[in-house]
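Everything on this sheet refers to the single structure shown next.
Any read-out appearing in this document is the output of simple, stated calculations on the displayed coordinates, not a laboratory observation. Remember, predicted model here, so these are calculated numbers, not experimental data. Note: ideal-geometry Cβ built from the backbone for every residue, glycine included; neighbour counts use all protein chains shown.
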Amino acid sequence: MLSMFVAFVTWLMLDVSHWSVIYDRMSDNQQHENLRELNRSLEQENIKLRERVLMLEQTESLDKRTAVLLQESLQSQQDKIYSLKGELEFYQGIMNDAGTSQGLNIHGIHIAALPQRQNYRLKLILTNVAKSVKVIEGTMDISFEGIQDGISRQLKLQDITLDETLELSFKFRNFKRFESRLELPGGFTPRRVFIQLQPKGRKRSKIKRVFDWQASAS
């Protein structure tokens, strides 16, 4: 009986220690599982935060691009308004001058810079204020004087025009508008514009005008 009692007590003590180890292990496993679950939760939250940051960065980039496009569009509209205002003043001056001039006349030129380097648009207005309503005909010659490589040089419009067909003859009653796109050579700095009109008819003399490039350009 004593031996059985000692054996029982010994087994019980060993068994209690064994279960304690099991309980500890189970507790450790549960804690480990809780940590793993927390880690997964944090990883999911991190992914969501990264996606949100990316979305915010894309939104900010989109806003910047939109702002740049709007600014460019506004600048383009302002340039057009400025150009149209200058042209309106130009034509207003033509109408005012037409009331005091007689016969065929050159009422001015307007030179506008194009986006391409050394490219310009030339606008020329001819008027014919006379008692009769007869059509006036003739030809014109346009040339540009400037400096290139420190040397004075003169260029003909037909040599630098960008138009496929250039018509330098005119035929009109009261008002004639002439336009041409031109490209100046590299290094050429324009100074003056020479315009000569040769109307048809023996009694009609040539009309010559010289315009300052800077004063005519905008």
ask   = Which order, highest average first, do 46-55, 144-153 follow once you tally other Cβ atoms within 10 Å for each residue and take the mean per peptide?
value = 144-153, 46-55
inquiry  = Which of the three applies to segment 111-170, rounded, prolate or oblate, going by the alpha-carbon gyration tensor with a ≥ b ≥ c and a/c under 1.5 meaning rounded?
reply    = prolate
ask   = Can you work out the FRET efficiency for the pair Val129 and Gln158, with r the C-beta to C-beta distance and R0 = 22 Å, to the nearest 0.05?
value = 0.15
Computed lengthening from Arg65 to Ala217, 0.36 nm per intervening residue step minus Cα-Cα distance = 51.4 nm
task = Between Glu72 and Arg117, take the C-beta separation as r, use R0 = 22 Å, and let me know the FRET efficiency to the nearest 0.05.
result = 0.70
task = Could you pull out the pairs from Lys156/Lys203; Lys123/Lys208; Lys171/Lys208 whose alpha carbons sit more than 22 Å apart here?
result = Lys156/Lys203
inquiry  = Take Arg202 and Leu54, extend 7 Å from each Cα along the Cα→Cβ direction, and tell me the distance between the two endpoints in nm.
reply    = 8.9 nm
Fully extended contour minus Cα-Cα distance, from Leu168 to Ile47, at 0.36 nm per residue = 36.4 nm
note = Expressed in Å to one decimal, the Kirkwood Rh of segment 102-216 from all distinct alpha-carbon pairs is 15.0 Å
